[in-house]
Each structure stands twice: as structure tokens, then as C-alpha cells.
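Student: One structure is given below, represented as C-alpha cells, and several questions about it will come after.
The values are calculated or read from the model by the stated rules, or taken from the named source; none is laboratory data. Model, not experiment: these values are computed from the prediction. Methodologically, a virtual Cβ is constructed for each residue, glycine included, from the backbone with ideal geometry; neighbour enumeration extends over all protein chains shown. The protein model used for the area step is the full one, side chains on, heavy atoms only, and it has no ligands, DNA or RNA in it. Shrake-Rupley method; radii C 1.70, N 1.55, O 1.52, S 1.80 Å.
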Amino acid sequence: MTHAKCLEQAFLACFETEHPVNAFKQCIHDENLYLTEQFRPYQGVSGLLSHRAGFIDQLLKSCWNHFLGKDLHNASLIATGGYGRGELFPHSDIDILIIVAPENRDHNQDDLARFSRFLWDIGLKPGQSVRSIDDCIQVAGEEQTIFTNLLEIRLISGNFELFEGLRLALAASNPWPSELFFPAKVAEQEQRHRKYHDTAYNLEPNIKEGPGGLRDLQIISWVFKHHYRSNTLRGLIKYGYLPRAEYENLIAARDILWRLRFALHILTNHSEDRLLFDHQRDLARQFGYLDQNQQPDVERFMQFYFKTVLDIERLNEMLLQLMNEKLVSNPSSRKPVTINEDFLSIDGYLEARTNQVFEQRPLALLELFQLLQNHPELKGIRASTLRLMRNNLDKIDDTFRNDSQANQVFLEILKTPRQLTEQLTRMNRYGILPAYLADFANIVSRMQYDLFHIYTVDQHTLFLIRNLRRFSLALHEAELPFCNTIFRLINKPEVLYIAGLFHDIAKGRGGDHSQLGETIAADFCNQHQLPVQDTKIVCWLVRNHLLMSMTAQRKDISDPDVIHDFALKVGSIEMLNHLYLLTVADIRATNPSLWNFWKDTLLKELYIAAHNALHRGLHNPIARSERIEDNIKEAQKELMRLGLSQPSIKRSWQHLSDDYFLRYSVDEITWHTLAIAASDEADLPLVLLRPQTHRGSAEIFVYTKNERGIFSTCTASLDQLGLTILDARIITTSDQYVLNSFQVLEQSGEAISDLHQQIHISHSLRQNLLHKGVIKVNRNIYKQSRQAQHFPITTKLTFLDNPNHRFTTLELITTDRAGLLSTIGQAFSELNIQLHDAKITTIGSRAEDMFYISDQMGKAIEDPDRREKLREKILSALA
């Protein structure tokens, strides 16, 4: 008895049981268990995909026969899409089409409804439509995705004449001839790629929909099969699209992605196509990627994946180009046009004149990218030339790298004000960039295991250079106009691009990547004979590319001493301009969601303050007393303009210290003073909320008499309300009044725009302060990201002594979590430690916070025993 016959009898028996739904569910469970047992990561899965499709075929046939009975031939049950191809993964969608004759449309409605409900009851969740042949032809003509689905139809059960009628009607009407279908599928692919930022090198890639994924292979398959009426891709060899070796590479890459997708479905027990951090370790182990300690080597496993999708990307590009040439373009456009003695243009693509071009002149491997920059009418490199390039990569050896002509061509590519990002991306995809820059090869497909980098190091680097280029283009000026303005002051943009190219080049080598990168960058600059000053700028930027972001996010940039120290390290306005642009481009290339108005404003404030300091002269820094005096005078002037009398101002300021006037802006002092003047001592605590500050965040200001645990209560309250604390300024006056200021955003990164929510936040915080603790609610709405559990961060506590600061600085690095700041504040209270300031930095789920503390007398904590006691207290609380 055949397997199909056995299944047929088993399903018939299911309908005879007391609970058919449960019986069918058990059959499906047993089938999934069988697939799991039969799956081998090292073996192809085409047989298992066919087995799964055959199982579903028999199940649907049995249900069709059961529910339609004597009317089962009034309609056709048809498989479409991947199921139609017979490629069904364990938890893939089951797409079916039911074709009915117009005269029977209403006759079987109830039976078809019961059939559909039963499929949902047993857990299949089919994608189902019921149409006549005419309906199908109409919607297929209107929407190419529906037409695509109908290209791969297969009869499961029912009326064969209706099925054949649909197939013939589609062939006869041909609503999407190749000259329309091909560009529609290319546009669909381009739109899909944009959704993934046009890169396959996302650290949690989608193996089906992402660039270089299975969908890119299906695009090729649909276009080819539609035009040539072929049921197999083997015809790519017959019709001259691929030589046999490349066809075998294509199928091998497809089989790898099939195996990965199959493993994902089994592992997650649902239709999961994303290589999430949650699954990468398990898959690395399954596929045999283990380190010397037999632990999963996720990095090598992911490099294996990225290499696979890179092969698919290359083949996809070549095949789409060839198909465009053969199926769509006008034959007259294929007439060769001379570009130079080595290259022609054919149909807008660069073609080598002979197969020996790169053997005879290896330098042409770089020159062709320069030609593409200088000839914007060219669309890319012709497929045959791409093959020649790949076959001649070994010509880029040490002799080539040290050749002065090659060095000059590479520099000219960086200097050309056109298509820089596009050509560097091509050079990386075709293997030219990592071949020419041997150190760059170390970062190709290299993952960065943290919660803020979402791209591989090489892709992050190319995005950074893209961002720098955008600062030079009027087309993108609306994004960050301040950056475009600064960019116009850069005399040699190529110096900035080189710094960007090398800023992370030493990632993964151990040690400080900034220092190691500086050495690599210096070697490059010397080899390429850059002027001494340009070399100094590149090396300084590579070594210090994190300086500006760390200063802005971890230090008090309202303090003139901080600004002076930063300006001293930068040294000149020219270097400041370069560093600012590199910093912004770097953050924006790390993760699109990391950049926000808060970071934009913070960096801009630091730039302006440092620019003023450098312009004024580092020998003549602004004194703290001068800044305090200026702020007091300007605030008084503004308050009196608003109608507040001098006595009222004086009374409102009676408890404020010099620290307050140093660290708050005139605008903030004015806002606080008006509120304090309008309140009495009995009204304390005073809680103010300003929904939108110049930094884009909401500011919450608390003014009250000092009591134990105020910081802890404030932070616990804001945490409970689901707010992200960006910054905290803590001031305790000599007569024991507290002024706490918090810059906050929604967890989504959005400003707090709802008036009712603003009132609720202020009221809740004030009630908790009066209650001297957080009033418990049923739940905390703080949400930690799914990825955080995969990046455990070892808690580090470091005491930093600053000779220019009267307080002790405590640096905390740990995983961000609900109640973190509240826990720290509670530890301070219990050990009688006074908190004067805090810099809160959260990147992904990594908290890097700085606390400026003293004893109750306002003196730095220097006693080693007391420091150790505080360390143990905090570590214990966070354990």
C-alpha cells in the first residue's frame, strides 16, 4: 500500500472518531514529529518539503471529499504559491484556491464554509480564496502578485476541467507579458529591500524576505519560468544565463537557506523566518559551529549565513541584468559604445573588451569603479565582466596593493564627488574592497554583539560613509541642515571618508579597536602618500571617534570645565568640525532607532560650546563664576520683563546655590522661578512638567525640602510610569533644599504629547513624594527588549577621582532594567551618601551611568572601606 493510500485511510478513520478535530490535530502533530526526527542539518530537505506537501494534499483531499460529498466535482481545490510548487515547510502558510463554475457559486457555499472552518479548527490556518475562472483572470490582470501566485498552481482534488480551464485561460490572456512582468517583479524586490535598509547584513536577518534571501531566488524563478514556460531552473544553463558551476552554486545556496528555514520552523514550532538572537546559538550548535570549548560559535555560523546570501545577491544581480537584456531591452540599445581602450558600454552596463583585460592590466579592477563614477549614465557592470572580476581577484596581491598607480586610483575614487557610497558598496559585494584593503577583510560579515549595533561591521562602515556623503548633498539637507552647513567647511572630504573607512577596522582583534585602528589607518595614509597634516587628522579621528559621543552623553556639558577639557583634547575648530560630522554619521549608521532629537541637540550643544571655547582661545577659558553671573543677570532681566518683582525673585532664589545657576539655562531658571514664586512652602513638593524642551524631551522638575530617598522615589515613579530617563540633574543646597530635574521620553522614544498623561505623571510623582515612597500599582509598564537576555552585561562599578571636582564619581555599567536608578538611589540613602548629579546613558539595554556623590558633609568619598561597602551594597541589590 502506498504512503498516500495509508494517509487516505488514516484521515477517513479520523472522521469516524468521536472527536475528528482532535484526531486530525494528532495526525498533524505526528507528521511534525516525523519531520523533526528525519531532519538532518547537513542533508538537503527537498524530500522533506515534498513529503510535507504530500501529507497536506491527502489531508485536504479527505476533508474535501468529506464536506463536499456528492458535489465535490462542482469545484476544483488547487494549491498555489510555495505549496503549489510542492515546497512546503513545517509551518508554512497553506495557500489554496477554490475554483467554482459561475452556475455553482451559491450551490456549495455552506459546504465550502464548513470545509474552511474545519481547516482552521485543526490548526492549518489556510490562505484561501473562492473564485470563478473569470474572477481569477480579472484580479490577476489587476495585481501581479496574484498573477505570480497563479503561475504555480497544482490540482489537489475536484473538477479537473475547471483547473485546466484556468490554466489555459491564464496562458491565453497572458495579462502580464514578460516586458511588464519583469519590471514589476524588480520593483517589488527593490521595495522589499528598502524595508531592510537595502542590506542583508542585519544581525537578525530575515532569511526569506531580506536581501539575498529566498524571495530573491523566487523572483528569478518566477520571471524565468513565466517567460520560458519552464518548470525548473535548470533551463538557466540551456538558455545561456548561467554556466553549470554557477547554477550549482545557486542551487547549493538555496539548499542552505532551505535547511536553515526548516530548522527554524522546527525549533520555534511556528512559521519563523527571522534568525533572531533567540535562535542563533541553537542553530549554530545544530549546524556544527562550535568553539574549542564545544560551545556554539555564533559568529562563525552567521558568517556562513552572510556568505551564502552574498552569493545569492551577486547571482540575483547578474541574472536580473541578463533577463532585462534578453526579455525587455530594445536590441538597438545593445549596440556596443566605446568607453575607453579596456571597456565598452552594452545596454548601459560596463563590459570588458576582452576576457584578458584583468590578466593583462590588473589595475583595471579598480579603474572600472572610477569609470562608473565618471559616467553616471552607466547602470552597473555587465554580468560577463563580473565573472571575469571574480576569476581575477587573486591579481590583487601585495604587489598590487603597494602599486602607486593603484593607490592613486583608490584615492581618486574617494575624492570623486559622485556615487562614492554606491561604488564602495559594489567593491565590497564583488570582493574588491576586502581584497585591496586586507584589514577590511577582517570586518566583512563580522557581527557586533551588543544591543545597539544592528549591522555587521563592514555594513555599518559603509552606512557611515553614506551618511557623511549625504551631508554634502542638497537633496538630503532637510534631514540635518546643521551637518550640511558644517560639511561645507571641510576642505578635503576624502580625509573624513578615510577616517570613516578605518574607524572600526580593528573590531574583533582584541584590545582597544580605536588604538589598533589608528595604527592601521597610519599605515594606509603613509602607503597612499597622504600629506602629513591629512594623516594626522585621519589618525586622530580614528583614535578619538568615540570622544564626542562619550562627552555629550556621560559628562555635564553645562560645566565650563568639561567644555574646556573637551576643547583642549580636540585642539582646533577644524578638528572639531571633522569629529562632529564623524560622530553624527557613526551614531546614525549604528541603528536607525538610536538617533533622536535628544542626541541631535546634545551633540549640537557640545559642538557650539566647544566651538566658542576654541574661538575664544584655550588660554582664556570661561570661568565658572562668569557663567553664573551671566545666567543670573539674564534670568533677572527676563523675569522682570514677565512682571516678577525684584523682591519676589530674591525670595524665590533664597535657597538656590551657585551650582544651580551654573547648570541650568536662563530659560529653565525662568520657568522654575515663576513656579516657585507662585507657591508657598506648604505647597511643597513642587512638581513641574514641561512637555517639550529644546532637546525634544520632556523635563520634570522637583523642588522640595531634602529628605532621605527623594531620588529613589522620583526614579521609581518615572520607571513605573514607563518613562525613559535621559538625564538627571541633582542639586542639594546648603540649607537642605533639593532641586531635581529629569529629562524623559516615552519608552518608544517619542515626546510626551498627551495632556492627560502629563497631568497624570505630575500628580503620581507628587503623591509618591508625599507618601515618601512609590504607591504600589498592579503592574510596571517598563518593557525590556527581547534581545536584552542574549547580551548579559557584567555589572561594573568604578570609582573615579577627579582632582578638579569636589565630588567622587561613581561609574556604573550594567544591563538596564526596571527600577535600576531607584535601586541605586536607595543604596545611597541607606549609606548616608549624598547624590549631587547623575548622567544617564542607555544604549539599547546597556546602562552606562555616572553618579557624582559625596558624604553628608559634601566631601568626596575617599575612604577605601566606605567605597567597598557601597560597591557591595549596589552589587548585592542588582544581583
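Student: With each label point set 7 Å from Cα along the Cα-Cβ vector, what nm distance links E142 and S645?
Tutor: 7.6
Student: From the phi angles alone, apply the Karplus equation (6.51, -1.76, 1.60; θ = phi - 60°) to region 809-824 and give each ³J(HN,Hα) in whole Hz, x where the residue is Gly or Pro.
Tutor: 9, 10, 9, 10, 10, 6, 6, 5, 7, 4, x, 4, 5, 4, 4, 5
Student: Angle, helix 864-878 long axis vs. longest principal axis of the chain, Cα atoms, 0 to 90°, nearest 10?
Tutor: Helix 864-878 sits at roughly 30 degrees to that axis.
Student: Sticking with this structure for a sec: Along the charge dipole of the chain, Cβ charges K/R +1 and D/E -1, which of G858, T724, F400 sits furthest on the positive end?
Tutor: F400
Student: What does the charge count near I207 come to, summing +1 for each Lys or Arg and -1 for each Asp or Glu among other residues with Cβ under 12 Å from its Cβ?
Tutor: +1
Student: Given a cut-off of 22 Å, name the pairs among K555/K633; K555/K869; K61/K125 whose C-alpha atoms lie farther apart than that in the structure shown. Before the final figure, lay out the partial values.
Tutor: Details: K555/K633 26 Å; K555/K869 25 Å; K61/K125 16 Å.
Distance filter (> 22 Å) returns K555/K633; K555/K869.
Student: Label-point separation (nm) for S129 and L12, each offset 7 Å from Cα along Cα-to-Cβ?
Tutor: 3.5
Student: Of K415, K395, K507, which has the most accessible area with a 1.4 Å probe, and how do the rest follow in descending order?
Tutor: K415, K395, K507
Student: Taking the Cα centre of region 281-407 as the origin, how large is its charge dipole in debye, to the nearest 20, when only Lys and Arg (+1) and Asp and Glu (-1) carry charge on their Cβ atoms?
Tutor: 380
Student: Mind giving me the nanometre distance, one decimal, between the label points for E629 and Q736, set 7 Å out from Cα along Cα→Cβ?
Tutor: About 3.4 nm, to one decimal.
Student: I would also like to ask the following. How much length is gained if the chain between R509 and L831 is pulled fully straight, taking 0.36 nm per residue apart and subtracting their Cα-Cα distance, in nm to one decimal?
Tutor: Result for the pair: 111.7 nm of gain on full extension.
Student: A further question follows. Near K395, within a Cβ-to-Cβ distance under 12 Å, what is the net charge of the other residues, with Lys and Arg +1 and Asp and Glu -1?
Tutor: Details: positive: R361, R390, R401; negative: E359, D394, D397, D398, D403.
Here the count lands on -2.
Student: For region 425-572, what class follows from the C-alpha gyration tensor (a ≥ b ≥ c being the square roots of its eigenvalues): rounded when a/c is under 1.5, otherwise prolate if a/b is larger than b/c, else oblate?
Tutor: rounded
Student: To continue, here is another question. Could you tell me the distance between the Cα centroids of region 527-545 and region 403-469, to the nearest Å?
Tutor: 17
Student: Additional query: Relative contact order for the chain using alpha-carbon pairs under 8 Å, separation at least 6, rounded to a whole percent?
Tutor: Computed over the chain, the figure is 6 percent.
Student: Grab the other residues whose beta carbon is less than 12 angstrom from that of A860, score K and R as +1, D and E as -1, and report the net.
Tutor: Here the count lands on 0.
Student: Here's another thing I want to ask about it. Near K772, which aspartates and glutamates are there with a Cα under 14 Å away, not counting those fewer than 8 places off in the same chain?
Tutor: Within reach: E707.
Student: Can you give me the % of accessible surface on the chain that is carbon or sulfur? Probe 1.4 Å, all protein chains present, nothing else counted.
Tutor: Here carbon and sulfur together make up 49 percent of the probe-accessible area.
Student: Additional query: Could you grab the relative contact order for region 470-596? Cα pairs under 8 Å, six or more apart, rounded to a whole percent.
Tutor: Computed over region 470-596, the figure is 23 percent.
Student: Given the pairs K225/K379; K604/K796; K492/K569; K415/K492, which are separated by over 20 angstrom at their Cα positions?
Tutor: Details: K225/K379 26 Å; K604/K796 30 Å; K492/K569 22 Å; K415/K492 8 Å.
Check vs 20 Å cut-off fails for K225/K379; K604/K796; K492/K569.
Student: Using modelled backbone amide H atoms (1.01 Å from N, in-plane), which distant-in-sequence or interchain residues come within less than 5 Å of G380's amide H?
Tutor: L350
Student: Another question, then. How high is the relative contact order of region 319-361, in percent, with contacts defined as C-alpha pairs under 8 Å that are six or more residues apart?
Tutor: Over region 319-361, the number comes to 24 percent.
Student: Between region 636-653 and region 172-221, what is the separation of their alpha carbon centroids in Å?
Tutor: Computed from Cα coordinates, the inter-centre distance equals 65 Å.
Student: What's the angle, to the nearest 10 degrees (0 to 90), between helix 214-228's Cα axis and the longest principal axis of the chain?
Tutor: 30
Student: Mind checking which of S753, I96, H107 is farthest towards the positive end of the chain's charge dipole, using Cβ charges of +1 (Lys, Arg) and -1 (Asp, Glu) about the Cα centre?
Tutor: The listed residue farthest towards the positive side: I96.
Student: Turning to a different aspect of this structure: Determine the calculated [θ] at 222 nm for the chain from helices alone, applying -39500 (n - 2.57) to every DSSP H run no shorter than 4 residues and normalising by the residue count; nearest 500 deg cm²/dmol.
Tutor: On the way: 38 runs with 469 residues, N = 879.
Rounded to the nearest 500, it is -16500 deg cm²/dmol.
Student: Roughly speaking, what is the centre-to-centre gap between region 735-767 and region 156-170 when only Cα atoms are used, to the nearest Å?
Tutor: One Cα centre to the other: 65 Å.
Student: Which GluC sites (Glu not before Pro) in region 193-285 pass both tests, a DSSP loop state and at most 16 other beta-carbon atoms within 10 Å? Please report the intermediate quantities before stating the final value.
Tutor: Details: sites: E209, E246, E248, E272; in loops: E209, E272.
When the GluC sites (Glu not before Pro) of region 193-285 are filtered for loop state and at most 16 Cβ neighbours within 10 Å, E209 remain.
Student: Take the alpha carbon gyration tensor of region 392-460, find the square roots of its eigenvalues, order them as a ≥ b ≥ c, and report rounded if a/c is under 1.5; if not, report prolate when a/b exceeds b/c, else oblate. Kindly include the intermediate steps, with their values, before the conclusion.
Tutor: On the way: a/c = 2.52, a/b = 1.53, b/c = 1.64.
Judged from the Cα gyration tensor, region 392-460 comes out oblate (a/c at least 1.5, b/c at or above a/b).
Student: Still on this structure, I have one more. Just name one of Y430, F701, T842: the one whose Cα is farthest towards the positive end of the charge dipole of the chain (beta-carbon charges, Lys/Arg +1, Asp/Glu -1).
Tutor: Final value for the positive-end residue is Y430.
Student: Taking the highest mean first, how do the peptides 484-495, 603-614 order by number of other beta carbon atoms within 10 angstrom per residue?
Tutor: Ranked by mean Cβ neighbours within 10 Å, highest first: 603-614, 484-495.
Student: Also, quick follow-up: Any chance you could give the angle, 0 to 90 degrees and rounded to 10, that helix 560-570 forms with the longest Cα principal axis of the chain?
Tutor: Approximately 50 degrees, to the nearest 10.
Student: Please list V328, V337, V532 in order of solvent-accessible area, largest first, computed with a 1.4 Å probe with all protein chains present.
Tutor: Ranking V328, V337, V532 by accessible area, largest first, yields V532, V337, V328.
Student: Could you go through region 630-635 in sequence order and give the Karplus-derived ³J(HN,Hα) for each residue, using 6.51 cos²θ - 1.76 cosθ + 1.60 with θ = phi - 60°, rounded to whole Hz, and x for Gly and Pro?
Tutor: 4, 5, 5, 4, 5, 5
Student: Hey, with R₀ at 35 Å, roughly what FRET efficiency would E359 and L473 work out to, going by the Cβ-Cβ distance, to 0.05?
Tutor: 0.35
Student: Let me know the charge dipole size of the chain about its Cα centre in debye, to the nearest 20, where only the beta-carbon of Lys, Arg (+1) and Asp, Glu (-1) is charged.
Tutor: Dipole about the Cα centre, nearest 20: 580 debye.
Student: Another question about this same structure. Can you list the HN-Hα couplings for region 36-47, worked out from phi with the Karplus curve (6.51, -1.76, 1.60; θ = phi - 60°), rounded to whole Hz and with x for Gly and Pro?
Tutor: Whole-Hz 3J(HN,Hα) from phi for region 36-47: 4, 5, 7, 5, 10, x, 8, 10, x, 10, 4, x.
Student: Given 10 Å bins starting at zero, what is the percent of C-alpha pairs of the chain in each, up to the one with the largest pair distance?
Tutor: 2, 10, 16, 18, 17, 15, 12, 7, 2, 0, 0
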